[in-house]
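Beneath this line is the structure, given in structure tokens, with notes to follow.
Nothing in this text is a laboratory measurement; each read-out follows from the coordinates by a stated rule. Because the structure is a prediction, the values reported are computed rather than measured. A quick note on method: Cβ atoms are made from the backbone with ideal geometry, for glycine too, and the neighbour counts reach across all protein chains shown.
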């Protein structure tokens, strides 16, 4: 049952940065197995879909991480609006398709699905369940086709956006399936490492790849992806950070810090948030310039 909380939209406000706002790259760590993920499924923390506004905040202490004067900008956010979101949706991929419509890929073996969701109500309007052997991951929309990858496998699926029951299978060349995004021509993919892939949507061959770096540091755990105005944005798994990435050279050109989302949930009474209840869902409305985020 989706949570029914809703907040009236308001204009974003500037939020100053503080010493705790520095976000260093996460070391690579192994993803939990499905047993751990079921804990997060039973005890969901992110019951809502958030629309956030953000502003640049210059930070003076990047040098302590070995980064020069061309340091990435740091952004803090304020929630502009909240929408209801199915608390049983273990979100792995999220995208906005216009007309107040979201498409979502959910994970967990035996619970994975691709779904069409009404933004305003959170109602699941169409759902394609996946075989118990598949753990749904990243999702993106190219033309009329939804592309989805799966965890721990090099298998992906293509769905007709108008009829989720019609799909075909493909094999990709990434080490694993974590995130997907598109610029309307090619696919961008992540596999939990520091590599950002560029993939041909016709034959799924890797056309190019970049190691994502913040200064001299590799940024691992690249997860859910979104293409926004010439950049690839990536959730960094088990963190409250989104990295803004130049896909041409892999350079991190900005950090968006969203720790106040989990802090706000705790304040609101959601006290059972742990390391598996993390941000994982970025969707961009290019027409209205809205950024949607949610979590597992």
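Sorted fewest first by neighbouring Cβ atoms within 10 angstrom, 133, 76 come out as 133, 76. Each of 217, 85, 172, 111 was scored by other Cβ atoms within 10 Å of its Cβ. Listed from fewest to most, they are 217, 111, 172, 85. Using equal-weight Cα scatterers in the Debye expression, the normalised intensity of segment 97-172 in log10 at q = 0.25 Å⁻¹ is -1.21.
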